[in-house]
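Beneath this line is the structure, given in structure tokens, with notes to follow.
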Amino acid sequence: MKQTISAILIICMLLVLASCDRGEAPQEDLAQEIPTVQLAPEQPIAMPPRESASEGAEQQETKKNSHSKVASESENWKIAIVTSTVDMGHGDFELALAIKSELGEDKVVHRTWPVYFAIEPETMTTILEEIAADLEVRALIISRAVYNTNAAVKRFREIRGDVFIIYAESFEEPQDSVIFADLVLGGDPSGFAYAAVGTAYEMGATTFVHYSFPRHMTMPENIARRDAMRKESQRLGIEFVEVSAYDPVEVGNSAAQQFIYDDLPNRVSRYGVDTAFFGTACFMQAALIRRVLDTGAIYAMPCHPSPFDGFPQALDIWNMVDSPLRFRTDSEMVEAIRVELSERDMSGRLASLPVTFDTLSTIVAVEYAVKWINGEVAKESVDMNVLQELIEQELGLPVTLTLREENSEILDNFVLINVDELLIF
């Protein structure tokens, strides 16, 4: 399956981070103003029994005592995949079509969330009710668990208790998501932070510059990632510099990007060419990459590690292959980046993940679900060893898996993917 899926069609970028509050003018040191949060565990955690302490008794009974008829253990099984629409441009739509082509029309049911999912919860519930009515469906993969997904899945659980449910990526509250899904996958910002600094060190970095702005640095995941980057920099003997940039909500994207254009060369002049740069917002990435190319500095990774975040715009490689950008594979984009960097004599100075997280998590979810259906993994707990093997096979890099912790509670079926290193282009 991997050979065919690796050629699937995907889009160019991940979601731009949502913004809401006002920002402030640049100031250099945020470290004294921003709280430090507890980082996720750095070592793998053994998977306990599936019955999580976070599950209420009512939800447990809903899962265990569904009155619906259970599909037989036979060849007549299906996997349902729910994605965004093609117009929403997240790439999971094309991915689902490729998976359906690979496994067969008789094995995959593909449905899409409504475009205006935030105000159409009834439509989302109806979609899952229709999937639940197909008794051959044994697994449900929700590529993007957007707002209102949990409510729709709760209704699905009332109809079907025999279906294995995976959120390939969740934007719902974590402690609610683990009640209704059997497995939730996510990227660990802290894990990516250690990988970014470690890879920058491998590329020769002696200084690590972290760009953000006050509004972003109220977000727990951004704080945790920043703290991890500082910790790893200190461990490796790298000078860690925190810089507050302009907030696009306050000044607009153009002015916010111009700050990066103006400031980055000054940082290189001050700290030297072996300075690595990272920014917490998507609007920063193309500007960071362009200025790194101009100065010969180091680019640690995009805020959403992917060959599609910032690289196509910065390197002007939108039309370097025959197919439109949205239909390029991860491997095509990686190769295009490498060719362009080689021509600019910048090979070995920029890094990222070699695949988009959406692609990785959805493919792994489907592969794990097939094993669950075939009885190759336990029914009532997540097999962390099998999951890690599937992820590493698809990613091509070593990973460490940890469990998400919320309010001092370990969520036993919310698995965070920690990369140990990034791909250097």
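The values are calculated or read from the model by the stated rules, or taken from the named source; none is laboratory data. Only a predicted model underlies this, so the values are computations on that prediction, with no experimental measurement involved. Counting neighbours? That spans all protein chains shown, and the Cβs are built from the backbone with ideal geometry, glycine included.
Return yes or no: is SER306 part of a loop (DSSP other than H, G, I, E, B) and either more than 23 Å from the chain's Cα centre (by Cα) or more than 24 Å from ALA281 (Cα to Cα) (or both)?
Values: part of a loop (DSSP other than H, G, I, E, B): yes; either more than 23 Å from the chain's Cα centre (by Cα) or more than 24 Å from ALA281 (Cα to Cα) (or both): no.
No.
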Limited to segment 332-353, what total is found for residues that are in a helix (DSSP H, G or I) and over 23 Å from the mean Cα position of the chain (by Cα)? 5
Residues of segment 122-139 being farther than 13 Å from TRP77 by Cα and either surrounded by fewer than 17 Cβ atoms within 10 Å (Cβ to Cβ) or modelled with pLDDT under 95 (or both), which ones? GLU122, THR123, THR126, GLU129, GLU130, ALA133
Just to be sure, is GLY375 over 29 Å from ALA200 (Cα atoms) and either polar (S, T, N, Q) or not in a strand (DSSP E or B) (or both)? yes
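Do we have THR400 as over 29 Å from GLN257 (Cβ atoms) and either β-branched (Val, Ile, Thr) or in a helix (DSSP H, G or I) (or both) here?
So THR400 passes the test.
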Give the residues of segment 107-148 that are in contact (Cβ under 8 Å) with a residue 60 or more places away in the chain, among the aliphatic types (A, V, I, L, M) and not in a loop (DSSP other than H, G, I, E, B), sorted by residue number. ALA132, VAL137, ALA139, LEU140, ILE141, ILE142
Inside segment 147-164, can you point out the residues that are aliphatic (A, V, I, L, M) and surrounded by 23 or more Cβ atoms within 10 Å (Cβ to Cβ)? ALA152, VAL153, VAL163
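Determine, yes or no, whether PHE171 is aromatic (Phe, Trp, Tyr) and crowded, with 23+ Cβ neighbours inside 10 Å.
no
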Of the listed residues (GLU389, GLU367, GLU405), the one being buried (at least 16 other Cβ atoms within 10 Å of the Cβ), in a helix (DSSP H, G or I) and acidic (Asp, Glu) is GLU367
Could you please find all residues in segment 386-425 being more than 16 Å from LEU360 (Cα to Cα) and over 16 Å from the mean Cα position of the chain (by Cα)? GLU405, GLU406, ASN407, SER408, GLU409, ILE410, LEU411, ASP412, ASN413, ILE424, PHE425
Which of the numbered conditions does ILE417 fail, given that it passes all the others? Conditions: (1) touching a Ser or Thr at 6+ places or on another chain (Cβ under 8 Å); (2) in a loop (DSSP other than H, G, I, E, B). (2)
ASP262 - would you say it is surrounded by fewer than 20 Cβ atoms within 10 Å (Cβ to Cβ), in contact (Cβ under 8 Å) with a residue 60 or more places away in the chain and in the same structural domain as GLY198 (by TED's automatic domain parsing)? no
Here are some conditions: (1) over 18 Å from ALA168 (Cα atoms); (2) at pLDDT 90 or above; (3) surrounded by 20 or more Cβ atoms within 10 Å (Cβ to Cβ). SER342 meets all but one. Which one does it not meet? (3)
Which one is surrounded by the fewest Cβ atoms within 10 Å (Cβ to Cβ) among residues in segment 183-222 that are in a helix (DSSP H, G or I) and polar (S, T, N, Q)? THR218
Quick check: anything in segment 243-254 closer than 18 Å to GLY348 by Cα, under 24 Å from the mean Cα position of the chain (by Cα) and crowded, with 21+ Cβ neighbours inside 10 Å? no
